1. Starting from residues that are open to solvent by less than 40 Å² (accessible area, probe 1.4 Å) and within 18 Å of the chain's Cα centre (by Cα), keep the ones in region B:20-30 and report whichever is nearest to the other protein chains (Cβ to nearest Cβ).
2. I'd like the full set of residues that are in a loop (DSSP other than H, G, I, E, B) and away from chain B (no Cβ under 12 Å), limited to region A:105-132.
3. Take the residues of region B:58-77 that are away from chain A (no Cβ under 14 Å) and within 30 Å of B:Ala133 (Cα to Cα): which is least open to solvent (accessible area, probe 1.4 Å)?
4. For region A:80-92, give me the residue count where each residue is more than 15 Å from A:Leu146 (Cα to Cα) and either open to solvent by less than 60 Å² (accessible area, probe 1.4 Å) or modelled with pLDDT of 95 or more (or both).
5. Would you mind finding the one in B:Arg111, B:Arg98, B:Arg139 that is open to solvent by 10 Å² or more (accessible area, probe 1.4 Å), within 19 Å of the chain's Cα centre (by Cα) and on the phi < 0 side of the Ramachandran plot?
6. Can you name the residue in region A:1-19 that is within 11 Å of A:Val60 (Cβ to Cβ) and modelled with pLDDT of 90 or more and, of all such residues, is nearest to the other protein chains (Cβ to nearest Cβ)?
7. Sort through A:Gly157, A:Gly150 and tell me the only one that's facing another protein chain (nearest Cβ under 8 Å) and buried (at least 22 other Cβ atoms within 10 Å of the Cβ).
8. Suppose the filter is surrounded by 15 or more Cβ atoms within 10 Å (Cβ to Cβ), more than 18 Å from the chain's Cα centre (by Cα) and of a type outside the set (Gly, Ala, Ser); does B:Thr125 pass it?
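The values are calculated or read from the model by the stated rules, or taken from the named source; none is laboratory data. Quick caveat: nothing in here was measured; it's all calculated off a predicted structure. No Cβ is skipped: glycine too gets one built from the backbone with ideal geometry, and neighbour counts run over all protein chains shown. What goes into the accessible areas is simple: the full protein's heavy atoms, side chains included, and nothing from ligands, DNA or RNA. Shrake-Rupley method; radii C 1.70, N 1.55, O 1.52, S 1.80 Å.
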There are 2 protein chains.
Amino acid sequence: MKHTLAVLVENRAGVLSRVASLFSRRGYNIDSLAVGVTEDPSVSRMTIVVHGDDNVLEQVTKQLNKLIDVIKVSDIGSDDAVERELALIKVAADVNSRAEIIQITNIFRARIVDVAQKSMTVEVTGDEEKILAMEKLLRQFGIKELVRTGKIALSRGPKKV
Amino acid sequence: MKHTLAVLVENRAGVLSRVASLFSRRGYNIDSLAVGVTEDPSVSRMTIVVHGDDNVLEQVTKQLNKLIDVIKVSDIGSDDAVERELALIKVAADVNSRAEIIQITNIFRARIVDVAQKSMTVEVTGDEEKILAMEKLLRQFGIKELVRTGKIALSRGPKKV
């Protein structure tokens, strides 16, 4: 099963390495990971997407909680959360295809952030499915480069994670 | 000095842990990290923002290149790159403050992605400065939660990273 973990950690050197090794020691492949500072600069928040056995994940969560740099671990259910990801896609574009790419961009409420002679770069945010759908549509023109942030999530409503 | 590294890696368990430990062993604190799959599902792209001594970073880069799972490492200069980050900000909101929050959201070309009785969640993309500016403006209402993806970057124009 797929899980999204929100892990609040102290913003110190080595924390990421310790957290990542907890997963890798169990052969858990991290699907995506996003780390950034929070409203408190001394605290970072990691959003980790993994899929695997629930019991093993429970073990990992327990061990995460034991790490001195870890402040809090929450498993965010996707039903009750706002989930977003950001992707930058550089797509091959010439005079003929440019109009169609702009059209697709508008339909997806995405944004064109760079134009060069033979390419355009599109910024798109959304859940995984939206980004995949956009990627699929742009593939016909030729995708030169693609970079994704990995998912971040916040619980809906008042509940604080 | 601040550096943004784009690291293409094989999408396998343990890669992240090996990459992260290369940095932490030298006391290098990673400012932000984003990992997601690329157009090729067997390949992930890590965008790592670090600041520190240039010589040490050169050493780290060399050692990254030696890792068997690492396909390519590039240092993306910020002058010549499109840099973006995504943040979700849950801000306290009541009937009185809602209109003002919507106004700020529009000015920043951000989007409201969830509304609850006492809060609103805003999605904003941009460079670091834009996100900080938005955060600063929303702080007056009370920020309940904030999560950031970390920066991703693509070189401008035709050059392939």
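1. To start, the set of residues in region B:20-30 that are open to solvent by less than 40 Å² (accessible area, probe 1.4 Å) comprises B:20-24, B:28, B:30.
Then drop every residue that is not within 18 Å of the chain's Cα centre (by Cα), which leaves B:20, B:23, B:28, B:30.
Details: B:Ala20: 4, B:Phe23: 7, B:Tyr28: 6, B:Ile30: 6 Å.
Checking each candidate, the answer is B:Ala20.
2. So the first thing to find is which residues in region A:105-132 are in a loop (DSSP other than H, G, I, E, B), and the list is A:108-110, A:116-118, A:127.
Selection gives A:Phe108 alone.
3. B:Gly77
4. Residues in region A:80-92 being more than 15 Å from A:Leu146 (Cα to Cα) and either open to solvent by less than 60 Å² (accessible area, probe 1.4 Å) or modelled with pLDDT of 95 or more (or both): 4 in total.
5. Only one candidate qualifies: B:Arg111.
6. Taking region A:1-19 first, the residues within 11 Å of A:Val60 (Cβ to Cβ) are A:3, A:5, A:7, A:19.
Filter once more, keeping what is modelled with pLDDT of 90 or more: A:5, A:7, A:19.
Values: A:Leu5: 12, A:Val7: 11, A:Val19: 8 Å.
This residue is A:Val19.
7. Working: A:Gly157 fails: buried (at least 22 other Cβ atoms within 10 Å of the Cβ).
After applying the criteria, what remains is A:Gly150.
8. Details: surrounded by 15 or more Cβ atoms within 10 Å (Cβ to Cβ): yes; more than 18 Å from the chain's Cα centre (by Cα): no; of a type outside the set (Gly, Ala, Ser): yes.
Here the answer is no, as B:Thr125 does not meet what is asked.
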